[in-house]
Amino acid sequence: MSEQRAAAAPARRSGLGTWGDHHLYSFVSSLGRVFRRPWATALTIGVMAVALALPLGLWLVLDNVARLSGSVQQSREISVFLQPDIPVPEAEVLAANLGERADVASVELRTPEQGLAELRERGGLGEAIDAVGDNPLPVLLVVVPTDDGAALAEALRGLPEASLVQHDAEWRQRLDDWLRFGGRVVLVLGLLLGLGALLVVGNTVRLDIQARREEIGVLQLLGATDGFIRRPFLYLGAWYGLASGALALAVLALVGLALREPVAGLAASYGSGFALHGFAPLHVLLVLVGSGVIGWLGASVVTGHFLRQTRPVDT
């Protein structure tokens, strides 16, 4: 019994080693087939890269727009400009009273001097401010509500000390709605163009299968399993997908470099330090893995369909 177990162990190791060797051979040989047909490979990868770059680029634009629009808390802030004749001590008392309200999370008081310094720093209006002479700015109260702030904004507009009340929640809500709509569009486009990329890989692998039809027939007659036959084509599809994902990322990176300086200059003219952001390393990895999976699935569908049609039937 022990001798049988000892004989079976090398057989199992040998089978596992053969399986691993064929995976390695399929991995390397499929890469060689990619390089043996440079023009056809470049065309396939280029079409897939365009299909992947479109939804990825749109998603990147939406992500940058969301960052540019500011945080949700900033959009909930209510700016209360007091009457010009309200002194700072009286404004401090008003801020303390507002802070005791149940619908107010916090109140920040900004003096006219602080507002003037901020305009000098961010607005690029130093010369114009110097020409005015006296500080024309009123005391500002920045109120953060505990809810959406719509009712609080109406109450603040009724204060006799308030000269102007600004509440940005409405435009932020509309922007959030547009961003959610854009995200849904990106998802739909990604699915449709991902399906297109899968079909491109499937058609390319189908042509390769047709060119090796006789070889596959011989392998089937010799008893080769479907997994053994389809393995090189699966790796071929994965190489196509991986290369197309890398090319799509490279194209988007070049576009980002071309737009970064103009966007930074435009943001600086409005006193903002906004800059375009690209993909994070985790996102890059996910794109590469996802594109490789798309190529693998496309090849799997085509080879599976072909093998089901050509598998010899025992009689």
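The values are calculated or read from the model by the stated rules, or taken from the named source; none is laboratory data. Fair warning: this is a prediction, and the values are worked out from it, not measured in the lab. Neighbour counts are summed over all protein chains in view; Cβ atoms, including those assigned to glycine, are modelled from backbone coordinates with ideal geometry.
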Subject >> Leading residue by the ranking (modelled with the lowest pLDDT) among those in the range 128-154 that are under 17 Å from Glu108 (Cα atoms) and small (Gly, Ala, Ser) >> reply: Gly149
**OP:** Residues that are touching a Leu at 6+ places or on another chain (Cβ under 7 Å), at pLDDT below 85 and under 30 Å from Leu257 (Cα atoms): find the helices (runs of 4 or more DSSP H) completely inside the range 1-119 holding 2 or more of those.
**Re:** 38-68
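The rows are residues; the columns are (1) at pLDDT 75 or above; (2) under 20 Å from Asp63 (Cα atoms); (3) outside the structural domain of Ala66 (by TED's automatic domain parsing); (4) not in a helix (DSSP H, G or I).
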{"residue": "Leu156", "(1), (2), (3), (4)": "yes, no, yes, no"}
{"residue": "Pro160", "(1), (2), (3), (4)": "yes, no, yes, yes"}
{"residue": "Ser163", "(1), (2), (3), (4)": "yes, no, yes, yes"}
{"residue": "Phe181", "(1), (2), (3), (4)": "yes, yes, no, no"}
Original post:
For the range 296-315, how many residues meet the condition of being aliphatic (A, V, I, L, M) and at pLDDT below 75?
Top reply: 2
**OP:** Among the residues of the range 260-295, count how many are modelled with pLDDT of 85 or more and of a type in the set (A, V, I, L, M).
**Re:** 10
**OP:** Show the residue pairs that are 6+ apart or on different chains and have beta-carbon atoms under 6 Å apart, the first residue being within the range 175-199 and over 15 Å from Tyr240 (Cβ atoms), the second being assigned to a helix (DSSP H, G or I) and aromatic (Phe, Trp, Tyr).
**Re:** Val186/Trp59
Subject >> Filter result for Ala253 (modelled with pLDDT under 90, of a type in the set (Gly, Ala, Ser), closer than 30 Å to Ala40 by Cβ and part of a helix (DSSP H, G or I)) >> reply: no
